[in-house]
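In what follows, a structure is listed as structure tokens, so that the remarks can point back to it.
The values are calculated or read from the model by the stated rules, or taken from the named source; none is laboratory data. What you see is a predicted model, and the numbers here were worked out from it, not measured in a lab. As a convention, Cβ positions derive from the backbone with ideal geometry for all residues, glycine included, and neighbour counts pool all protein chains shown. Heads up: the accessible areas ignore ligands, DNA and RNA and are worked out on the full protein's heavy atoms, side chains in. Shrake-Rupley method; radii C 1.70, N 1.55, O 1.52, S 1.80 Å.
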Amino acid sequence: FEKGRIYTYIGEVLVSVNPYQELPLYGPEAIARYQGRELYERPPHLYAAPSPPVMGKPQTGMLDPGTVPSARVKDVLLKSTCVLEAFGNARTNRNHNSSRFGKYMDINFDFKGDPSRVLKQHVGERNFHAFYQVLDSDEKSHHQAVTEAMRVIGFSPEEVASVHRILAAILHLGNIKFVELEEGSLEQRRLAVTDEVLVDHVAELTATPRGMVLRCLLARTVASGGRELIEKGHTAAEASYARDACAKVPWGYSAEGFIDKNRDSLFQDFKRLLYNSTDPTLRAMWPDGQQDITEVTKRPLTAGTLFKNSMVALVENLASKVRPPNPTLSLDPSGSFCFLSAASHTLSSREGPAAAQEPFYVRCIKPNEDKVAAKLDEGHCRHQVAYLGLLENVRVRRAGFASRQPYSRFLLSKLFIRSPRTLVTLEQSRACLIPIIVLLLQKAWRGTLARRHCRRLRAIYTIMRWFRRHKVRAHLSEMQRRFQAARQPPLYGRDLVWPPPPAVLQPFQDICQALFCRWRARQLVKNIPPSDMAQIKAKVAAMAALQELRQDWGCRRAWARDYLSSATDNPTASGLFAQRLKTLREKDGFGAVLFSSHVRKLVVLHARGYDDLVVCLHRSRPPLDNRVGELVGVLAAHCQG
């Protein structure tokens with residue numbers, strides 16, 4: 001239990017301890033481990049019980065464990081438990097969620113079972129959960145959960161509303177009290193209801209006439225031997241007795257007084273009353289009410305007899321499931337889980353007819369009363385082991401046929417085992433060999449998987465290598481085709497579009513683009529006269545300094561440098577400027593004028609170690625011509641030279 005091993009076997013009986021927590025024991029992978037395996041080939045599990053193989057072949061008609069956790073079956077099973085607990089479980093001093101009735105469910109058809117109702121509880125105990133969910137605001141979430149569960153199971157909205165009305169009717173019915181009124185003599189006493197408003201409520205909730213409800217509570221109709229109808233009034237005690245008989249079916253979980261409690265007669269008056277209800281759900285619950293009163297000549301069956309007949313029918317139903325036509329999932333009356341699989345593998349004609357499959361039972365143990373994980377109450381578990389008859393099951397297995405094998409397997413092996421100890425020894429030896437066999441199988445299988453993976457990778461890499469070669473060749477061919485006209489002047493391939501390269505060729509194409517730019521620049525420079533080289537260098541220097549700072553810096557016109565000496569640009573003072581230059585040459589000995597112009601636009605010249613010079617360039621020809629770039633380029637080229 002501490003290691004999460006919640007299953008064990010007693011023969012084919014599976015014993016389960018509720019862990020009260022989610023465990024990684026279920027799902028498709030777990031189903032696959034147990035499907036088609038012998039019962040003892042895997043650790044005990046619910047999945048191992050349904051489908052033991054016969055002669056190692058697939059079994060016709062066997063229940064596929066994969067259908068067990070299917071979404072629909074799982075949802076209906078879980079939701080039906082919620083509904084059954086609401087209408088059939090109550091809190092006792094020993095168990096806060098004690099089942100008060102026997103359960104039987106056949107998943108292939110409809111679940112069925114008559115939930116009992118109790119009228120009195122011991123100190124500290126409660127009635128069925130459903131009543132509190134209807135009345136108590138603290139139980140609102142449980143009430144909503146039960147309503148949703150009923151919807152999932154298949155109850156229509158009308159049926160759900162009808163169930164709620166029936167609950168309310170039972171509550172009102174239990175509150176009805178009777179009083180005997182004296183009218184003259186003692187023989188003229190008349191029975192009455194203390195609060196007739198409750199009768200109105202019951203009549204409205206059960207969709208029956210108020211007068212008929214009141215008459216059924218105060219009297220009953222019997223048929224004499226001559227089929228004459230006689231209405232007999234109740235005493236207060238008899239009316240209470242009849243009221244209780246209508247509102248409950250006996251509980252069987254202390255045995256003291258069981259027979260007395262089950263003497264309640266379900267009077268035919270109530271059956272006819274409820275059968276004639278306009279509520280279809282309530283009407284369907286009382287089919288006996290369709291009998292005419294003249295046809296009922298004997299005392300109606302007591303609740304105890306009904307309970308006994310129900311148990312007999314249940315046992316017969318279980319027996320019929322030894323060879324069911326379809327896979328069946330059942331719950332036996334004691335509350336233990338019973339998994340009934342379908343007929344086993346169809347044998348050949350010489351082996352006789354199809355073998356029947358035995359039921360597989362699951363006994364459920366609650367480790368503690370608090371429903372908490374990781375807590376095992378040994379005394380509580382011993383009590384359940386005792387009343388579930390698990391020890392008797394072990395004793396029967398030991399005293400009888402403790403070791404069993406299918407006949408077909410015995411026929412092939414013909415092993416006679418005198419003592420169970422021999423079988424245990426063989427099983428232990430087998431258990432020791434299984435890990436070795438598993439390792440060998442794993443080794444071979446893993447090697448196969450590794451070789452298969454290696455071959456797949458080798459094929460992938462070969463395909464990738466040839467594909468890359470193809471992409472490289474195709475790209476180079478496309479580049480060669482596009483750049484065949486790149487040598488043609490005067491553009492030398494300026495407008496050619498480079499094709500997008502494969503990822504592996506991206507660095508190569510970056511280098512090619514750089515080389516192409518240098519080649520194209522060389523082709524353009526070769527055609528420039530030597531007299532223009534100084535201007536070209538100045539423009540290149542200006543572009544490096546200003547291309548990201550100014551859009552228009554005069555790169556598309558010829559640069560004259562010395563504009564003040566030009567009669568065109570400086571018509572009034574060009575001669576005077578030439579004289580001044582001659583004087584400066586004789587004085588300072590400079591060789592040439594780098595740049596001269598009228599100052600209009602601001603230009604800041606930064607001289608290392610000296611103050612900055614701020615000038616403004618103006619009076620350009622043509623007007624508004626930008627000579628800032630020319631000035632910057634000339635100075636930058638001169639400094640670089």
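Solvent-accessible area of ARG215, probe 1.4 Å, all protein chains present, reported in Å² to the nearest ten, please.
It works out to around 120 Å².
So how do LYS539, LYS232, LYS443 rank on accessible area, 1.4 Å probe, biggest first, that is with the largest at the start?
Descending accessible area places them as LYS443, LYS232, LYS539.
Restricting to segment 528-640, compute how many DSSP beta bridges are antiparallel as a %, nearest 5.
In segment 528-640, DSSP labels about 75 percent of beta bridges as antiparallel.
Amide H to amide H under 5 Å from CYS364: which residues, 5+ apart in sequence or cross-chain, H placed 1.01 Å off N in plane?
Those qualifying (amide H under 5 Å, at least 5 residues apart or on another chain) are SER16, PHE337.
For segment 404-483, what class follows from the C-alpha gyration tensor (a ≥ b ≥ c being the square roots of its eigenvalues): rounded when a/c is under 1.5, otherwise prolate if a/b is larger than b/c, else oblate?
Prolate, because a/c is 1.5 or more and a/b exceeds b/c.
With every protein chain left in place, what is the accessible area per residue of segment 528-640 in square angstrom, probe 1.4 Å?
Dividing the accessible area of segment 528-640 by its residue count gives 68 Å².
How large a share of the accessible area of segment 485-524, in percent, is made up of carbon and sulfur atoms when the probe is 1.4 Å and the other protein chains stay in place?
Working: 1830 of 2900 Å².
Percent of accessible area from carbon and sulfur atoms in segment 485-524: 63.
Going by a ≥ b ≥ c, the root eigenvalues of the Cα gyration tensor, does segment 439-509 fall in the rounded group (a/c under 1.5), the prolate group (a/b larger than b/c) or the oblate group?
Values: a/c = 9.05, a/b = 5.40, b/c = 1.67.
Prolate shape, in that a/c is at least 1.5 and a/b is the bigger ratio.
Rounded if a/c is under 1.5, else prolate if a/b beats b/c, else oblate: with a ≥ b ≥ c from the C-alpha gyration tensor eigenvalues square-rooted, which is segment 469-546?
Prolate is the answer for segment 469-546, as a/c is 1.5 or above and a/b outweighs b/c.
On a 28 Å Cα-Cα criterion, which of the cross-link pairs LYS79/LYS177; LYS308/LYS375; LYS177/LYS232; LYS3/LYS371 come out too long?
LYS79/LYS177; LYS308/LYS375
Past the 29 Å Cα-Cα mark, which pairs from LYS539/LYS587; LYS537/LYS582; LYS526/LYS587?
LYS539/LYS587; LYS526/LYS587
Kindly state, as a whole number, the per residue volume in cubic angstrom of the convex hull around the alpha carbon atoms of segment 485-524. Write down the numbers at each step before the final one.
On the way: hull volume 2.3 nm³, N = 40.
Here the figure is 58 Å³ per residue.
Rolling a 1.4 Å sphere over the protein heavy atoms, what is the accessible area per residue of segment 404-483, to the nearest Å²?
Accessible area per residue, segment 404-483: 92 Å².
In debye, nearest 20, what is the charge dipole magnitude of segment 367-466 about its Cα centre with +1 on Lys and Arg Cβ and -1 on Asp and Glu Cβ, if you could check?
That gives segment 367-466 a dipole magnitude of about 1080 debye.
Which peptide among 510-517, 634-641 comes first, and what is the full order, when sorted by highest mean count of other Cβ atoms within 10 Å? Spell out each step's value before the answer.
Values: 510-517: 11.5, 634-641: 15.1.
The packing order, highest mean first, is 634-641, 510-517.
Can you tell me which of 445-451, 169-175 comes out highest on packing, and rank the rest after it, using the mean Cβ neighbours within 10 Å?
169-175, 445-451
Can you tally the net charge around VAL372? Count Lys and Arg as +1, Asp and Glu as -1, for every other residue whose Cβ sits under 15 Å from the Cβ of VAL372.
Taking every Cβ under 15 Å from that of VAL372, the sum is -2.
If amide H atoms are built 1.01 Å from N in the plane of the peptide, which residues on other chains or at least 5 residues away come under 5 Å of the amide H of ALA219?
HIS234
Using the Cα centre of segment 528-640 as origin and beta-carbon charges of +1 (Lys, Arg) and -1 (Asp, Glu), tell me which of VAL599, GLY609, TYR563 is placed farthest towards the positive end of the dipole.
Going by the Cα projections, it comes out as TYR563.
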